[in-house]
Amino acid sequence: MSTLVEEAIRANLAPEGKLTAKDFQSDQDVRWCPGCGDYSILAQTQRIMPDLGIPRHTMVFVSGIGCSSRFPYYMNMYGIHGIHGRATAIASGLKMARPDLSVWVVTGDGDGLSIGGNHLIHLLRRNLDIKVLLFNNQIYGLTKGQYSPTSETGKITKSTPYGSIDYPFNPASLALGSSATFVARTMDRDPKHMQTVLKRAAGHQGTSFVEIYQNCNVFNDGAFFPFTEKDSKEDNVVFLEHGKPLIFGKEKDKGIRLNGFTPEVVSLKDGKYSADDLLVHNEHDTTLSFILADMTYKPNLPRPIGIFLALTRPCYEREMQHQIQAAKEKRGDGDMKKLLNSGETWVIN
Amino acid sequence: MSAKTTQKLDEVTIRFAGDSGDGMQLTGTQFTNTTALLGNDLSTLPDYPAEIRAPQGTLFGVSGFQIHFGSREIHTPGDQCDVLVAMNAAALKVNLGSLVDGGAIIANTEGFNDKNLKLAGYTANPLKDRSLGKYQVYEVDISKLTALALQDMNLSSKIVDRSKNFFALGMMYWMYDRPVDSTLEWIQKKFANKPEIMEANTRVLKAGWNYGETTEIFTVRYLVGPAKLAPGKYRNITGNEATAWGLMAAARKANLDLFLGSYPITPASDILHELSIYKHFGVKTFQAEDEIAGVTSALGASFGGALGVTTTSGPGIALKTEALGLATMVELPLVVCNIQRGGPSTGLPTKTEQADLLQALYGRNGEAPIPVLAASTPADCFETVFEACRIAIKFMTPVIFLSDGYLGNGSEPWLIPDYDKMPDISPTFRTNPEGFLPYLRDEVTLSRPWAIPGTAGLEHRIGGLEKQHLTGNVSYDPQNHEMMIKLRADKVERIANDIPLAQVDGDAEGALIVAGWGSTYGAIRSAVSRIRDTGKKVSHVHLRYLNPLPKNLGEILYKFKNVLVPEINMGQLSKLLRAKYLVPTISLNKVQGLPFKAMEIENKIEEILKGSS
């Protein structure tokens, strides 16, 4: 960090005191459609902020284009509303230049997986310490209702009047395939779960990838209702908890067992299987994370929600810093004047 | 020893040509460095194919390196070469057209065997059929002599073959009275871990020199004395090196960290390579996943208070265009280096062109003015890119720096600048929360405050949506939009108050002024000076600042009857000057992937002067 930057960030330091969610709300009117799932995500994010222990002025939210990408305007902290798909790349440059900052990216299924897919996968493999919140509503909202890379095959939209013939991305599998170190899924209509996951994501050292199911009540209403609504949720969702067997159902009477490498649902009621036979979640097991994420679009399996993987791997920006440090120790702090006069030179009198 | 005579020359142009695997670029670079150390002025033109190892012996696989050096001022790599070193038949065929009548050909006879002749499309051996009658042909079996020099070393034929360029280099060192020492030192360093290759190259280089000294083929040795350059300490530098160092010097003088976000592309990659070396200077280089990530990461770094830079060539600029609009909107410093190459599309990756000027000036959606600067010589890249950084920081704006393949790969002696005397270009980060508004502008420059994350009390949001004046909040207000467009344009226009006026080389009025920009400098300068040698008057103005243009440019142009604009494009500056100043410019255009020959400009000047007298 240059001395000018150091001076600037020391300039107004004063104890902040205990903040509340309200301190993280900017003075801008929130302009999402009434009933949009984004409101809940904004509220949960603002709610967990005071507990993170990160000074507000050191946090930056970066976004691209789409409904989700208006997010930074509503957070009372530094922010950049960038261009379509590039939030992850902007955030990467910012984090490399300023490893001291807490950098968050807000993106959507279109912004992050379609136009910005390339930057996302490269961020994940590099593992910069950046928190990525991907709002997945399986539709293009801001452009008024075209199918997205996560829309189900056959989806009828304005741009697919005969039904979409695209096969959808499974964001969790994509992230795992990109060697992400933290991959999670949560839902707009489960505030408690979302808060837990967001806090874990914030605490992870490395890129945190959080897919958030988000209801677009205008263009794709109810896309996730089987997983988010009271009457259907428990039979359709299995919550992943580290060290615990995969049990689900209203009566907690069903579980997931591995048959070879294939997960299958078994009943815990008929005495044939008990909790001991079930798959036990381990957040640190890469292979298992692939199997769990792959359950996502399987019709006979519940939808996995929670933290698929949480691993430790060196962060890119720190490695960069280490190389610079090591070079300085070995060669001494660079001297421009010396460099200009180095090598083969000659004098003309 | 046979009797050898010596002859003094003011200037010489040599072209080394061979297969792209023959090491011609290396040979040329070594000859250049040795020549620079002897105090000659010089200019070089590497000319190589896009394919890394094109099929051996073919015409399209020929790689060349031309050096023009002398005891007088040298501004171009030479219109024609006096000596052509041809390692094979294809090299001869491709380059014969650039050899001056009566010039010398040094031909590696092994490269003219039946297979090579066939590949080059010769039905008869040109060395034998008298078709080269107007040249002095020296036949040397370089391949065989190289093998003989190494016969007791038990090396693979591949290694032996790879050494033969040092034989050619050794001969040329002898012929032009240059010592082999600096190349020997280089060989020792370069091959420190490969003692066999070190020994082989050393032997072959010396063998080449001794061959010149002892055989009777060469009877004349040429002496080219040092040039009368301005006193001071010199080094040889390529445009891409100068660009990298200029960026580093600017970051240092701005007290900022340098961040480079870049994606490899010919002919700009060498800047990324060069900057990647200087970790101990704190330089952060990021090889991004694509061109867009290159520029957007740099912009993110600038938001964080670094000097964000991205380097690329034309196709890369096309991809970065949207991000340049964002940088214009968020008003952050950003330096974008375009090392131009032949276009459109993939075009001619390894050849030079100046055809991205209008793209730099106008190639964005919406009204998005960006300052544009262009370097005129390899060494000038240092000062010009430094100036681009200064403007970016002071005016909180993206700036485009234009260089091209000819400047980037070309080299010349450089009077090393006095680093202590270079200006401080530090920004003042905003820290005072009192009265802070993200788009409250400086009264003189109209630039907005640079408030970096981490500064308590200045939390704010910026973005690509239209900004409300002062607050920077999102605004769709029609009046505000027009005002902001005008403010952004006015800010860029005001840079004209901050840059030097254009200087005319020659009389302030007359029949003809040549107006140029970028890498045509050397050719124009040489052409103008040759015309003046004949007693005629002609002036020259060369533009470093393309946007905004110097305030006095109109007045300068109005005082001449004719304005000639030579460009390596179809007339882009010409169009600009016509639009802005309503002057009937005369275009001289060339788009062959090659720089102008001074002769071409000279002929055009003569033609105009004849017509208007």
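The values are calculated or read from the model by the stated rules, or taken from the named source; none is laboratory data. Everything quoted here is computed from the prediction, not taken from an experiment. Here the Cβ positions follow ideal geometry from the backbone for every residue, glycine too, while neighbour counts run over all protein chains shown. Only protein heavy atoms, including side chains, enter the accessible area calculation; ligands, DNA and RNA are left aside. Shrake-Rupley method; radii C 1.70, N 1.55, O 1.52, S 1.80 Å.
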Can you name the residue in the range B:4-29 that is hydrophobic (A, V, I, L, M, F, W, C) and assigned to a helix (DSSP H, G or I) and is also least open to solvent (accessible area, probe 1.4 Å) among such residues?
B:24
Do any helices (runs of 4 or more DSSP H) lying entirely in the range B:498-613 carry at least 1 residues that are open to solvent by 50 Å² or more (accessible area, probe 1.4 Å) and modelled with pLDDT under 95, and which ones are they?
B:521-533, B:598-612
Take residue B:43 and decide whether it is more than 14 Å from chain A (Cβ to nearest Cβ), outside any strand (DSSP E or B), open to solvent by 10 Å² or more (accessible area, probe 1.4 Å) and not aliphatic (A, V, I, L, M).
no
Consider only pairs whose beta carbons are under 7 Å apart and that are at least six residues apart or on different chains; among these, list those whose first residue lies in the range B:377-395 and is under 27 Å from residue B:73 (Cβ atoms) and whose second residue is open to solvent by 10 Å² or more (accessible area, probe 1.4 Å) and β-branched (Val, Ile, Thr).
B:378/B:238
From the residues in the range A:297-349 that are away from chain B (no Cβ under 14 Å), over 16 Å from residue A:205 (Cα atoms) and among the aliphatic types (A, V, I, L, M), which one is most open to solvent (accessible area, probe 1.4 Å)?
A:301
Hey, any hits in the range A:22-41 for a residue that's away from every other protein chain (no Cβ under 14 Å), open to solvent by less than 30 Å² (accessible area, probe 1.4 Å) and among the small types (Gly, Ala, Ser)?
yes
In the range B:249-298, how many residues are under 13 Å from residue A:90 (Cβ atoms) and either open to solvent by less than 10 Å² (accessible area, probe 1.4 Å) or more than 7 Å from chain A (Cβ to nearest Cβ) (or both)?
10
Per the list (1) more than 12 Å from chain A (Cβ to nearest Cβ); (2) in contact (Cβ under 8 Å) with a residue 24 or more places away in the chain, residue check on residue B:365 breaks on (1)
Looking at residue B:377, is it modelled with pLDDT of 95 or more, assigned to a loop (DSSP other than H, G, I, E, B), farther than 21 Å from residue A:10 by Cβ and touching a strand residue (DSSP E or B) at 6+ places or on another chain (Cβ under 7 Å)?
yes
Only one of A:172, A:180 is outside any loop (DSSP other than H, G, I, E, B), touching a residue at least 24 places away in the same chain (Cβ under 8 Å) and under 13 Å from the mean Cα position of the chain (by Cα). Can you tell me which?
A:172
Restrict the check to the range A:48-63 and report whether at least one residue is under 19 Å from residue B:303 (Cβ atoms), of a type in the set (Val, Ile, Thr), more than 9 Å from every other protein chain (Cβ to nearest Cβ) and surrounded by fewer than 15 Cβ atoms within 10 Å (Cβ to Cβ).
yes
Residues that are closer than 15 Å to residue B:176 by Cα, of a type in the set (Gly, Ala, Ser) and in contact with a Ser or Thr (Cβ under 9 Å, 6 or more places away or on another chain), drawn from the range B:205-219
B:208
For the range A:67-99 the number of residues that are crowded, with 24+ Cβ neighbours inside 10 Å and within 7 Å of chain B (Cβ to nearest Cβ) is 17
Working carefully through the options B:402, B:348, B:332, find the one that is among the aliphatic types (A, V, I, L, M), touching a helix residue (DSSP H, G or I) at 6+ places or on another chain (Cβ under 9 Å), more than 30 Å from residue B:523 (Cα to Cα) and touching a residue at least 12 places away in the same chain (Cβ under 8 Å).
B:332
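To keep it simple, each residue is scored yes or no on (1) without any contact (Cβ under 8 Å) to a residue 60 or more places away in the chain; (2) surrounded by 15 or more Cβ atoms within 10 Å (Cβ to Cβ); (3) in a helix (DSSP H, G or I).
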residue	(1), (2), (3)
B:196	yes, no, yes
B:199	yes, yes, yes
B:211	no, yes, yes
B:217	no, no, no
B:226	no, no, no
Turns out the strands (runs of 3 or more DSSP E) fully within the range B:48-163 with at least 1 residues that are closer than 30 Å to residue B:37 by Cα and either touching a Gly at 6+ places or on another chain (Cβ under 6 Å) or not assigned by TED's automatic domain parsing to the domain that holds residue B:217 (or both) are B:62-70, B:81-86
Of the residues that sit in the range A:197-213 and are open to solvent by less than 10 Å² (accessible area, probe 1.4 Å) and not in a helix (DSSP H, G or I), which one is nearest to residue A:147 (Cα to Cα)?
A:213
When residues of the range B:393-422 are limited to those that are away from every other protein chain (no Cβ under 14 Å) and part of a loop (DSSP other than H, G, I, E, B), the one farthest from residue B:259 (Cα to Cα):
B:410
Given the condition surrounded by 22 or more Cβ atoms within 10 Å (Cβ to Cβ), farther than 27 Å from residue B:354 by Cα, within 8 Å of another protein chain (Cβ to nearest Cβ) and of a type outside the set (Ser, Thr, Tyr), answer yes or no: does some residue in the range B:319-328 qualify?
no
Only listed residue being among the aromatic types (Phe, Trp, Tyr) and under 28 Å from residue B:523 (Cβ atoms), chosen from B:112, B:69
B:69
Can you tell me which residue within the range A:2-21, out of those that are within 27 Å of the chain's Cα centre (by Cα) and part of a loop (DSSP other than H, G, I, E, B), is surrounded by the fewest Cβ atoms within 10 Å (Cβ to Cβ)?
A:18
Scan the range B:345-371 residue by residue and report those that are over 30 Å from residue B:487 (Cβ atoms) and part of a loop (DSSP other than H, G, I, E, B).
B:345, B:346, B:347, B:349, B:350, B:351, B:352, B:353, B:354, B:355
Matching residues in the range B:149-176 (at pLDDT 95 or above and over 22 Å from residue B:64 (Cβ atoms)) number 2
Does residue B:311 count as crowded, with 22+ Cβ neighbours inside 10 Å, in contact with a helix residue (DSSP H, G or I) (Cβ under 7 Å, 6 or more places away or on another chain), farther than 25 Å from residue B:465 by Cβ and at pLDDT 95 or above?
yes
Step by step: first the residues of the range B:335-344, then only those that are in contact with a helix residue (DSSP H, G or I) (Cβ under 7 Å, 6 or more places away or on another chain) and in a loop (DSSP other than H, G, I, E, B), then the one that is least open to solvent (accessible area, probe 1.4 Å). Which residue is that?
B:341
Looking at (1) touching a residue at least 24 places away in the same chain (Cβ under 8 Å); (2) at positive phi, which is the only condition residue B:154 fails?
(1)
